[in-house]
Amino acid sequence: MKQPKAPILCFVGRSNSGKTTVIERLIPELVREGYRLATIKHAGHGFNMDTEGKDSWRHKQAGAETVIVISKGSLAMFTDTDEEVGIEQLRERYVTEGIDLIIAEGWKSEGHAKIVVVRDHVGEIPFSPDGLLAIVSNKPLQDVPSGVPIFDPDDIEGLAGLISRQFRHKSNLIT
């Protein structure tokens, strides 16, 4: 029997709004609750994770389109893409079975469940209201959609509780 696809929860907000910090603090809380997690980060301005001078960097500089580095317990891949790859395609290609939840940073316009991290005001970035689960902010907010809970960035337990109620992990499923 094929496993259901891991659900995707997107954390969206403008640059430097605190998304990465919230995710970084949330991961250990969810892992303690028994979740097996994957994360996917959208880097809107590009990135380079490889280190100049390392063998993998040298292979890429020499013209390889894909470079895979493997060691006991780790695998990394650097590959060229002609266009931006969608989050569903990433899930299909790279997220292994047994993952309970994919926490994505970005993809504000996708229809996936999302938590908006706000630094100044709710409208500071445009986002699709589809799937809005919560807002994280340490400031009083106006124009919050009715019924959407607001969490302080330090209320990681409360946020994890909301996520646990929305996305059950395998050990929580009743068979």
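The values are calculated or read from the model by the stated rules, or taken from the named source; none is laboratory data. No experiment lies behind these values; they were computed from the predicted model shown. In this analysis, Cβ positions are derived from the backbone assuming ideal geometry, glycine residues included, and neighbour counts consider all displayed protein chains. Heavy atoms of the whole protein, side chains included, go into the accessibility calculation; ligands, DNA and RNA do not. Shrake-Rupley method; radii C 1.70, N 1.55, O 1.52, S 1.80 Å.
Given the options Ala64, Ala160, name the one that is of a type in the set (Gly, Ala, Ser) and surrounded by 15 or more Cβ atoms within 10 Å (Cβ to Cβ).
Ala160
Identify all residues within the range 67-81 that are open to solvent by less than 50 Å² (accessible area, probe 1.4 Å) and within 15 Å of Tyr94 (Cβ to Cβ); write none if there are none.
So the first thing to find is which residues in the range 67-81 are open to solvent by less than 50 Å² (accessible area, probe 1.4 Å), and the list is 67, 76, 78.
Scanning the range 67-81 gives Ala76, Phe78.
Counting only residues that are in a loop (DSSP other than H, G, I, E, B) and in contact with a helix residue (DSSP H, G or I) (Cβ under 6 Å, 6 or more places away or on another chain), which one in the range 34-50 is modelled with the highest pLDDT? Please lay out each step first, then the result.
Let us first name the residues in the range 34-50 that are in a loop (DSSP other than H, G, I, E, B), namely 34-36, 42-50.
Those still in the list that are in contact with a helix residue (DSSP H, G or I) (Cβ under 6 Å, 6 or more places away or on another chain) too: 34, 50.
Values: Gly34: 94, Asp50: 66.
Filtering the range 34-50 for residues that are in a loop (DSSP other than H, G, I, E, B) and in contact with a helix residue (DSSP H, G or I) (Cβ under 6 Å, 6 or more places away or on another chain), the one modelled with the highest pLDDT comes out as Gly34.
Would you please name the residue that is modelled with the lowest pLDDT, looking only at residues in the range 1-32 that are touching a strand residue (DSSP E or B) at 6+ places or on another chain (Cβ under 8 Å), closer than 15 Å to Phe151 by Cβ and not in a strand (DSSP E or B)? Give the derivation first.
Let us first name the residues in the range 1-32 that are touching a strand residue (DSSP E or B) at 6+ places or on another chain (Cβ under 8 Å), namely 6-13, 17-20, 22-23, 26-27, 30-31.
Cutting the leftovers down to closer than 15 Å to Phe151 by Cβ gives us 9, 11-13, 17-19, 22-23, 26, 30.
With the extra rule that they be not in a strand (DSSP E or B), the set shrinks to 13, 17-19, 22-23, 26, 30.
Working: Gly13: 90, Ser17: 87, Gly18: 90, Lys19: 92, Val22: 96, Ile23: 96, Leu26: 97, Leu30: 97.
Filtering first and then ranking leaves Ser17.
Within the range 37-56, is there a residue that is closer than 23 Å to Leu132 by Cβ, surrounded by 11 or more Cβ atoms within 10 Å (Cβ to Cβ), out of contact with any Ser or Thr (no Cβ under 9 Å at 6 or more places or on another chain) and hydrophobic (A, V, I, L, M, F, W, C)?
yes
For Glu105, are the conditions met, namely being open to solvent by 40 Å² or more (accessible area, probe 1.4 Å) and not β-branched (Val, Ile, Thr)?
Numbers: open to solvent by 40 Å² or more (accessible area, probe 1.4 Å): no; not β-branched (Val, Ile, Thr): yes.
Considered against the rule, which asks whether it is open to solvent by 40 Å² or more (accessible area, probe 1.4 Å) and not β-branched (Val, Ile, Thr), Glu105 comes out as no.
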